[in-house]
Amino acid sequence: MAATGSEQQGGKAYYVSTPIYYVNDAPHLGHAYTTVAGDVLTRWHRQRGEKVWFLTGSDEHGQKVMRTAESKGLSPQEWCDKLVEEAWKPLWEHLDIANDDFIRTTEKRHTVRVQEFVQDLYDKGEIYKGGYEGPYCVGCEEYKLSGELLDGEGEYAGEKLCPIHKRPVEILKEENYFFRLSEYGPRLLELYESRPDFVQPESARNEVVSFVRQGLQDLSISRSTFAWGVKVPWDDKHVIYVWIDALLNYATAVGYGADQERFDATFPADVHLVGKDILRFHAIIWPAMLMAQVLPVPGRVFANGWLMVGGEKMSKSNLTGIKPQDLTSHFGVDAYRWYFLRAIAYGQDGSFSWEDFSARYTSELANDFGNLASRVTAMVGKYFGGVLPEATADGPAETAVHEGLTKAVAEADRRIGEELDFSGGIAAIFDFIRQVNGYLTEQEPWKVAKDKSDAGQARLATILYTAAESLRAVAVLLNPVMPASSQKLWDSLGAEASLGALADQPVAGAAEWGRLPAGATVTKGAALFPRLEEQPAQ
Ligand code: MSP
C-alpha cells in the first residue's frame, strides 16, 4: 500500500523514464503511448505521497536525425531546435504530461558527462579499438545480425531488409572503438535470474534471456564516417555511437558527475518504460554499461507492445504515423489518454480504430461515467438545493457500495501502481462506476423523493450522499488518467473547499468512506464527456 509522504521525503525518488525520442520527425501515437503511460504511472505515485521524478526528452544525434536535417536544408542543430520547440514539447503540454524534466542530448549538461563516462570506461580498459563490418539499419541506428534480416521483394528485390523498418540495410565497414559487452553475459544472466521482474512483461524477459544466452558480441561504440554526435574525448575523429550517448541521458539528467546528492536521491530509475523495439538496448547494454562503472542497475525495464495499423507497427517510415492531435481534436485530451491504456493490455501489441474509440467513449465515458456524474449532481441540486445532505440511513445496499470501493481502490493501486496493468486498473475503477450506477437504478432516488416522510427523506439523502461520495473517490482515482475531467468533477462536488487540491488526495484515502462532508456545495457542471459529433469527412 501507499507509503506516507513523511517516510518518502528524505528517501530516493520514484524515478520513471520514457525513451528519449528521435527528433527526425514529428511525434505520432506510438510515441505518445509510452509517454502517457509514464505520466499516469508517475501521477499515481505522486498521489501515493511519494517523491517522484518523471523524465522524458529528445535523442538528437546520429545519422537518422542528420539525414533528415540535410533533406530539409537545415543544420542538424537547427532542425532539432525547431522540432523540439515546435512539435515535441507542445505535444507533451497538449497531452497534459507532467514531466519533471526534458533532456536534450545536445545539451552541455549531457554531452560533457557522456564524454566523462566514456573516457572513464576507456581508462578502465573496458573500451578498445577494433574493426567491424556488417549490415546497419539507420532507422534503428543499430548493426544487425545477418540471421535476423529479411529478403527484399518488389522494389527491394535482391536486398536485405531490417525486420522492423522493412527497409534495406547498409553495409558499414569502420574502424571503431568497442565496449567489452561480451564479458557481461554471465552477470546479466545472473541479474535476470536473481531479479525475475527486472525485465517485464514475461515475454520480453524471455526474449532477453535467450538472446543473452546465445552469447553477446562486443559493441561498437563509436562512428567515424559522420560527425553529428558527441566527440570521443581521446580521438576526435570519432563520435560516440548514438545509443551509448542516448542511454546515458538517464544518468546525466539527474546529476551524474555534476550533482552527487541529487544523483544519489534519484538514480537509478525504478522503471524504464520502453517500446519492445528498443528492449535489448535497455535490458542488456544499459545494465552492462552501469556494471562496468559499478553503478546500480535500474529497478525494471518494462516493454510496451506496438500500436498496430493494418497488422504492422505504426510508424512514420511506413506512412501510418497518426498525429495525436488528429484524435484529441475529436475525442478530447482526457479521453485520448484514457483510451489507449484502457483498450490495450500494456505490454501487448494492440490494434485500435476510430470505431472502437468512438464506441468505448460513448459507452464507458459518456454513458457510464459522465451520466453518473450529471445525474447525481443534478439530483443533489433538485432535491437539496445543491447542498450535499447527510447519510443517516445506511443499509446493506450502502455497505455493498462501501465494500465495492475498498476493493476497487486496492485493485487499481496494485494494478496501476505496481504491475503497470493500466487496463486492468482502469477496469477496476469503471467496474465500481457501474456498481454505483446499478445502485442508483435499484434505489430509484427519483421515486424515493416523492415520499415526503422523514424516513423517506433520510433514505433519499443517504442514496445521494452515497453516490456523491463514490464520485469523490472516482475523481481521486481517475485523476492520474484524466486530470482535466477529474478536476471538473472535483469542482462540481465542491470538494476542494474541505479536502483541498485534487492532486494532493492520497490514493489510499480514496477508500476512506465519508471524506466528502455533508454541506458541500454541489453544482451540475457541463457534461464531462459531451456527445461526439459525427466524424469529420477525412
Ligand atoms: N531514440 C531512441 C530511444 C532512445 S532511449 C535511450 C528511439 N526513439 S524513437 O523515436 O524511435 O522512439 C521509440 C519509442 O517510441 C519506442 O520504444 C516506443 O516507446 C515508442 N513507439 C514508437 N512507435 C511505436 C508504436 N507503433 N507503438 C508503440 N510504441 C511505439 O528509439
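Once the Cβ-Cβ distance between Ala157 and Asp235 is put in as r, and R0 is 45 Å, what FRET efficiency do you end up with, to the nearest 0.05?
Efficiency for this residue pair is about 0.65.
Quick check: residue separation of Ala26 and Gln214 times 0.36 nm, minus the Cα distance between them. What number comes out in nm?
Additional length available on full extension: 64.0 nm.
What's the ranking of 143-149, 362-368, 48-54 by average number of surrounding C-beta atoms within 10 Å, highest first?
Details: 143-149: 12.7, 362-368: 17.4, 48-54: 20.9.
Listed from highest to lowest mean packing, they are 48-54, 362-368, 143-149.
Can you work out the PRE-style zone for Glu78? Point 7 Å along Cα to Cβ, and I want the residues of the range 21-35 with backbone N under 19 Å.
23-26
Can you compute the charge dipole magnitude of the chain about its Cα centre, using +1 on each Lys and Arg Cβ and -1 on each Asp and Glu Cβ, nothing else charged? Give it in debye, rounded to the nearest 20.
Value, rounded to 20: 560 debye.
Return the lysines within reach of Lys313: Cα separation strictly under 22 angstrom, same-chain partners fewer than 8 residues apart disregarded; answer none if there are no such residues.
In chain and number order, the partners are Lys64, Lys144, Lys160, Lys166, Lys276, Lys323.
Picking from Leu372, Met308, Gly11, whose Cα lies most toward the positive end of the charge dipole for the chain (charges on Cβ: Lys, Arg +1; Asp, Glu -1)?
Leu372
Would you please give the residues with an amide H less than 5 Å from that of Asn176, counting only those at least 5 places away or on a separate chain, with H modeled from the backbone geometry?
The answer is Gly130, Gly131, Tyr132.
Set the Förster radius R0 to 41 Å, insert the Cβ-Cβ distance between Asp431 and Val112 as r into 1/(1 + (r/R0)^6), and round the FRET efficiency to 0.05.
Step by step, r from the Cβ atoms, then E = 0.20.
Could you tell me which of Gly152, Val401, Ala520 has its Cα farthest along the dipole of the chain towards the positive end, charges placed at Cβ (Lys, Arg +1; Asp, Glu -1), taken about the Cα centre?
Ranked along the dipole, the leading option is Ala520.
How about Lys12: which lysines have a C-alpha closer than 16 Å to its C-alpha, ignoring those fewer than 8 places off in the same chain?
The qualifying lysines are Lys51.
Quote to one decimal, in nm, the extra length available between Ser329 and Ala87 on full extension: 0.36 nm per residue of separation minus the C-alpha distance between them. Before the final figure, lay out the partial values.
Details: separation 242, 0.36 × 242 = 87.12 nm, distance 1.60 nm.
Computed gain between Ser329 and Ala87 is 85.5 nm.
Amide H of Val199: which non-local residues (sequence gap of 5 or more, or other chain) have their own amide H closer than 5 Å, using H built in the peptide plane?
Answer set, sorted by chain and number: Val301.
For the range 140-271, what does the alpha-carbon gyration tensor say about shape, rounded, prolate or oblate, given a ≥ b ≥ c as the root eigenvalues, a/c under 1.5 as rounded, and a/b over b/c as prolate?
It is oblate, given that a/c is not under 1.5 and a/b is not larger than b/c.
Under 13 Å from a point 7 Å along the Cα-to-Cβ line of Phe226: which residues of the range 138-169 have their amide N that close?
138-142
Which angle between 0 and 90 degrees, to the nearest 10, do you get for helix 396-412 versus the longest principal axis of the chain when only C-alpha atoms count?
The angle comes out near 10 degrees.
What distance in nm separates the two pseudo spin-label positions at Ala527 and Ser182, each 7 Å out from Cα along the beta-carbon direction?
Placing both labels 7 Å beyond Cα along the Cβ direction yields 6.5 nm.
If amide hydrogens are placed 1.01 Å from N in the peptide plane, which non-local residues have theirs closer than 5 Å to the one on Gln348?
So Gln348 has HN proximity to Gly305.
Excluding residues on the same chain fewer than 8 positions from Lys382, give the lysines whose Cα lies under 21 Å from its Cα.
Candidates past the 8-residue exclusion: Lys447, Lys450, Lys452, Lys488, Lys524.
Using +1 at the C-beta of Lys and Arg and -1 at the C-beta of Asp and Glu, which of Gly229, Phe340, Val507 has the Cα lying farthest in the positive direction of the dipole of the chain?
Going by the Cα projections, it comes out as Val507.
Using the 4.7 Å Cβ rule, please list in number order the cysteines from the chain without any candidate partner.
Unpaired cysteines in the chain: Cys80.
Starting from the alpha-carbon convex hull of the chain, give the projected area averaged over all orientations, in nm².
Answer in nm², one decimal: 26.9.
What is the spin-label model distance, in nm, from Arg414 to Glu512 if the labels are put 7 Å beyond Cα along the C-beta direction?
Roughly 2.3 nm, to one decimal.
In the chain, what percentage of the DSSP-assigned beta bridges are antiparallel, given to the nearest 5?
Within the chain, antiparallel bridges account for around 50 percent of the total.
Suppose R0 equals 35 Å; then what is the FRET efficiency for Trp354 and Leu295 from their Cβ-Cβ distance, rounded to the nearest 0.05?
0.15
By per-residue mean of other Cβ atoms within 10 Å, what is the highest-first order of 161-172, 242-253, 373-384?
Taking the mean over residues of other Cβ atoms within 10 Å, the ranking is 242-253, 373-384, 161-172.
Every number here is computed from the coordinates shown, using simple stated rules; none is lab data. The structure displayed is predicted, hence computed values, not measured ones. Don't worry about glycine lacking a Cβ; one is built from the backbone with ideal geometry, like all the others, and counts go over all protein chains shown.
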